[in-house]
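Beneath this line is the structure, given in structure tokens, with notes to follow.
The values are calculated or read from the model by the stated rules, or taken from the named source; none is laboratory data. Predicted model, so just to flag it, every value in this text is computed and none were measured. Glycine also receives a Cβ, built like all others from the backbone with ideal geometry; neighbour counts cover every protein chain displayed. Heavy atoms of the whole protein, side chains included, go into the accessibility calculation; ligands, DNA and RNA do not. Shrake-Rupley method; radii C 1.70, N 1.55, O 1.52, S 1.80 Å.
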Amino acid sequence: MNLPDANAAVIVPAAQAGYFGAADRPRFGWLHRPASATCDLALVIVPPFGFEAVCALRSLRHLAQFAAAAGVLAVRFDLDGCGDSAGDDLDPDRLEQWLLSIDDACALARGAGARRIVLAGVRLGASLATLAALRRDDVAAVIAIAAVPKGKALLREGRVLQMALALTPPPSPAIDDVQELVGFALTGETRRSIEAIDLLALPRAPAPRMLLIDRDDLAPNDAWASHLLAAGASVEQQRLPGYVEMMLDPHRTVIPVAIIEAAIAFAVARATEPAFGDAAPRTLTLRSRAEMVADGATIREDAVRLDDFQWGIATRPASPDKRAVLLLNAGAVGRIGPNRLYVALARTLAARGHLVLRVDLSGIGDSATRARAIENTVYGSHVIDDIASSVAWLRQHGTGPIAAVGLCSGGYHALKAALAGLAIGSVVAINPLTFHYAPGMALDFAAFRVAADAARYQRALSSGASWRKLVRGQVDLTRVARIVWLRAIGKIARPLKELQRHLHLPLTNDLGSELAKLARRDVNVRFVFAASDPGRGLLFEEGGSVVPRLLASGMLGVTMIDGPDHTFTPRWSHAVLLDALVTAIDAG
């Protein structure tokens with residue numbers, strides 16, 4: 001089986017988004033139906049946890065789409081307390097609730113006509129799929145991708161990764177038993193549940209057939225394969241490339257073609273085997289709306305289609321809304337936002353009476369790519385058209401003014417959409433890294449990188465170690481020279497721009513002029529910066545004298561938060577950021 005290129009035009013069956021499971025604890029998922037109505041086999045895809053799920057989203061979407069194109073019903077979903085599902089990391093009984101999520105996803109597949117199930121999971125998702133299969137009698141096979149058979153080893157890897165990030169600790173020592181994992185949390189109870197997982201000690205085979213897709217950069221899971229064989233399972237084992245690339249930061253991910261081809265071929269082969277299991281199984285169907293409680297208030301969420309390409313989640317209060325808030329993708333991270341911050345913000349704002357739309361721009365997350373565009377492009381040429389669809393939807397369904405909010409590229413796009421004249425009353429930009437982007441521009445020499453590198457070189461002048469590296473030839477002098485040159489050009493250009501503004505001469509790509517233009521339109525602009533991020537320095541450098549003037553007028557605001565990194569990974573910073581954003585949105 002050969003898959004087309006990820007960016008090539010390919011006809012994939014339409015998918016249906018919605019909620020399923022208990023009314024008071026809804027799960028969110030996607031049902032990818034094949035064009036043929038005769039297939040009674042379903043591939044239920046179990047995601048990994050936390051940041052790994054954020055990175056794997058694109059690849060798992062392709063897995064589901066190509067499974068449906070191959071004639072297999074596919075179900076993608078968010079585990080309980082994850083993604084767009086209800087709840088959060090700190091809720092009790094995580095492992096059992098995750099397994100119940102898988103049961104509900106299987107019931108959704110059975111409700112769509114499937115008579116046999118193939119479970120496919122990645123990393124922790126592979127362990128969960130295996131454990132879930134032990135509880136069911138309709139699982140024909142399990143596909144375990146990059147599995148870590150022992151939970152203790154999985155947690156150990158997580159601790160090493162968290163330490164390697166060298167994040168700023170909280171201002172005061174934490175008193176709870178929560179371990180951070182790249183922006184997400186594992187309570188003591190959750191860690192103990194994961195530690196108890198040992199797939200090498202399963203009492204029986206989880207399914208008649210098992211496919212182990214091992215990473216090509218690590219030793220294969222031979223011990224687990226042997227255990228499964230001894231337990232009576234038919235085991236296929238393949239070492240394939242692609243796992244590392246599919247788990248890169250979202251804007252750098254590469255679709256793991258070999259892994260997807262192997263998984264789909266294995267699943268398709270199960271379609272010819274006899275069905276088994278309960279003849280009258282529990283079934284579920286998708287619903288477009290869910291209700292839940294946030295901050296003591298009842299809110300509702302809807303999966304909405306904004307145009308031919310874009311999907312989003314609308315979160316709204318039970319009463320008429322006060323204002324509308326549009327949350328734009330941070331880089332290529334899906335609509336849940338970095339560290340799932342957008343979900344928390346949307347539900348908090350809805351509890352305060354606001355309508356919030358979390359959207360995937362075209363080609364990002366779950367939204368389709370426009371014709372002749374490239375998937376997963378952060379600074380795409382259609383962004384203003386995309387945002388226009390969201391603004392139109394909010395104007396149709398909301399009653400208050402619209403605030404456009406985004407982190408990194410999302411903040412940039414919010415500013416550009418307001419400048420383009422869309423009906424946006426206020427902008428909240430979080431850690432934007434550039435104020436002017438040209439298609440194809442190399443971010444290695446973007447203004448934020450030049451400023452950061454120039455500051456680093458300045459500090460290095462007093463470092464003996466840096467001078468020794470220079471003598472040993474370990475310094476890229478060409479890059480140093482280019483950074484110094486660009487920095488000098490920028491310093492020369494700034495007073496010239498100030499003079500042009502004073503003389504009211506037209507300027508292009510001038511932040512000061514753009515901020516003044518927004519102020520004249522009564523568009524309130526608020527910036528939120530992590531203190532270590534270069535954005536605040538760029539704002540004052542590129543905005544010139546306009547910035548302090550607008551700050552004094554109240555049409556511009558700047559909030560600084562000490563300690564977090566660019567995407568606010570430390571969990572202690574989440575509450576600080578959310579408070580700052582609620583204040584900034586209310587001020588607009």
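Leaving ligands and nucleic acids out of the surface, order ARG520, ARG305, ARG300, ARG61 by accessible area at 1.4 Å, largest first.
ARG520, ARG305, ARG300, ARG61
A probe of 1.4 angstrom, applied to the heavy atoms of all protein chains, finds SER172 with accessible area near 70 square angstrom. Against the chain, whose longest principal axis is taken from its Cα atoms, helix 341-351 shows a tilt of about 80°.
Sparsely packed loop sites in the stretch 90-165 (the trypsin sites (Lys or Arg not before Pro) outside DSSP H, G, I, E and B with at most 13 other Cβ atoms within 10 Å) comprise ARG135. Along the stretch 139-148 the Karplus relation, 6.51 cos²θ - 1.76 cosθ + 1.60 evaluated at θ = phi - 60°, assigns HN-Hα couplings of 8, 6, 6, 10, 10, 10, 9, 6, 5, 10 Hz to successive residues, with x for each Gly and Pro. Electrostatic bookkeeping for TYR243 treats Lys and Arg as +1 and Asp and Glu as -1; over the other residues with beta carbon under 11 Å from its beta carbon, the sum is -2. Computed over protein heavy atoms with a 1.4 Å probe, the carbon and sulfur contribution to the accessible area of the stretch 518-588 reaches 52%.
The lysines whose alpha-carbon is closer than 19 Å to the alpha-carbon of LYS416, local same-chain residues fewer than 8 away aside, are LYS517.
Electrostatic bookkeeping for ILE336 treats Lys and Arg as +1 and Asp and Glu as -1; over the other residues with beta carbon under 11 Å from its beta carbon, the sum is -1.
Which of the aspartates and glutamates could a cross-linker bridge to LYS497, judged by Cα under 15 Å and excluding same-chain residues fewer than eight apart? Reachable aspartates and glutamates: ASP510, GLU514, GLU541, GLU542.
For the chain, the relative contact order comes to 12 percent (Cα pairs under 8 Å, sequence separation of at least 6). Solvent exposure of the stretch 235-356, expressed per residue, is 40 Å² of accessible area, with all protein chains present and a 1.4 angstrom probe. Note on LYS152: no lysines have a C-alpha under 17 Å away, same-chain residues under 8 apart excluded. Of the labelled options (1) 92, 65, 56; (2) 81, 65, 51; (3) 108, 75, 46, which one gives Cα extents along the principal axes in Å as computed for this structure? Matching the structure shown: (2). Among the protein heavy atoms, those of ILE102 account for about 0 Å² of accessible surface (1.4 Å probe, every chain in place). Against the criterion of solvent-accessible heavy-atom surface with a 1.4 angstrom probe, MET555, MET246 sort, most first, into MET555, MET246.
The alpha carbon centroids of the stretch 502-546 and the stretch 117-159 are separated by 50 Å. Based on protein heavy atoms only, the stretch 397-436 ends up with 19 Å² per residue of surface accessible to a 1.4 Å probe. Of ASP249, ASP40, ASP360, the order by accessible heavy-atom surface (1.4 Å probe, DNA, RNA and ligands excluded), from most exposed downward, is ASP249, ASP40, ASP360.
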